[in-house]
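The values are calculated or read from the model by the stated rules, or taken from the named source; none is laboratory data. Note that the structure is a prediction, hence the values are computed from the model and not measured. Because the Cβ atoms are built from the backbone with ideal geometry, glycine has one as well, and the counts that use them run over all protein chains shown.
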């Protein structure tokens with residue numbers, strides 16, 4: 001196995017703690033059924049996925065919730081409920097990233113959206129002691145910016161071509177099997193991160209070790 005020079009991280013449930021039930025409960029209190037939202041999410045090309053891919057803007061996304069609710073919902077109410085799932089960054093992962101950035105090129109490849117980005121970047125600054133989230137990555141690839149989302153192989157090809165990384169010198173870490181399989185199919189070595197995993201130990205299995213000077 002070639003020496004790893006590039007680490008490509010997914011965000012949610014790998015670096016960032018996520019609790020979708022918090023969002024479902026929040027919308028329940030606003031007259032938007034959490035169960036209904038779960039059913040909508042299973043539909044192809046639903047408004048969640050369209051927002052994630054940048055195919056609709058935040059106003060259109062919020063209006064979809066208003067259509068589902070019998071109540072008048074403000075932008076802030078919808079944003080707050082939608083962002084309730086964003087729990088925050090564990091301190092040990094923040095410290096690991098701050099160490100890794102001195103020895104490896106770090107990349108982020110995330111299915112996310114324009115409402116969540118300012119929420120978790122602010123959380124990161126609070127946990128990191130003032131270090132901006134963006135400063136720890138050579139490049140960040142957000143689905144809503146590149147208009148593609150995982151597991152579409154096109155987003156992996158785009159990232160590799162845009163960054164100029166050598167796939168064989170890279171490792172992609174994601175919590176979803178379908179995304180890991182898509183990465184492998186496009187030539188990227190990948191690992192499926194599980195809830196019980198320790199990120200530092202996972203990296204060490206691939207010879208990735210972090211030592212502070």
Self-check item: Selection status of residue 14, in contact (Cβ under 8 Å) with a residue 12 or more places away in the chain and crowded, with 18+ Cβ neighbours inside 10 Å
Solution: yes
Practice problem: Could you check, for the stretch 112-133, whether at least one of its residues is assigned to a loop (DSSP other than H, G, I, E, B) and within 20 Å of residue 4 (Cα to Cα)? | Solution: no
Quiz prompt | Options 56, 4, 78: the member that is farther than 30 Å from residue 203 by Cα, in contact with a helix residue (DSSP H, G or I) (Cβ under 7 Å, 6 or more places away or on another chain) and not in a helix (DSSP H, G or I) | solution = 56
Self-check item: Tally of residues being in a helix (DSSP H, G or I) and over 30 Å from residue 199 (Cα atoms) across the stretch 27-53
Solution: 10
Quiz item: In this structure, does residue 63 turn out to be over 20 Å from the mean Cα position of the chain (by Cα), part of a loop (DSSP other than H, G, I, E, B) and over 26 Å from residue 211 (Cα atoms)?
Solution: no
Quiz item: In this structure, does residue 126 turn out to be touching a strand residue (DSSP E or B) at 6+ places or on another chain (Cβ under 7 Å), surrounded by fewer than 16 Cβ atoms within 10 Å (Cβ to Cβ) and outside the structural domain of residue 28 (by TED's automatic domain parsing)?
Solution: no
Practice problem: Report yes if residue 202 is touching a residue at least 24 places away in the same chain (Cβ under 8 Å) and assigned to a helix (DSSP H, G or I), otherwise no. | Solution: yes
Exercise. Name the one entry in 165, 140, 155, 173 that is crowded, with 19+ Cβ neighbours inside 10 Å, in contact with a strand residue (DSSP E or B) (Cβ under 8 Å, 6 or more places away or on another chain) and free of Cβ contacts under 8 Å to residues at least 60 places away in the same chain.
Key: 155
Quiz item: When only residues in the stretch 36-47 that are surrounded by fewer than 17 Cβ atoms within 10 Å (Cβ to Cβ) and in contact with a helix residue (DSSP H, G or I) (Cβ under 8 Å, 6 or more places away or on another chain) count, which is farthest from residue 147 (Cα to Cα)?
Solution: 36
Practice problem: Please enumerate the residues belonging to the stretch 85-110 that are surrounded by 16 or more Cβ atoms within 10 Å (Cβ to Cβ), over 12 Å from residue 9 (Cβ atoms) and free of Cβ contacts under 8 Å to residues at least 60 places away in the same chain. | Solution: 94, 95, 98
Exercise. Name every residue in the stretch 41-84 that is under 27 Å from residue 153 (Cβ atoms) and touching a residue at least 60 places away in the same chain (Cβ under 8 Å), in order of residue number.
Key: 49, 51, 52, 53, 54, 55
Exercise. Report, by residue number, each residue of the stretch 145-166 that is assigned to a helix (DSSP H, G or I), within 12 Å of residue 53 (Cα to Cα) and touching a helix residue (DSSP H, G or I) at 6+ places or on another chain (Cβ under 7 Å).
Key: 146, 155
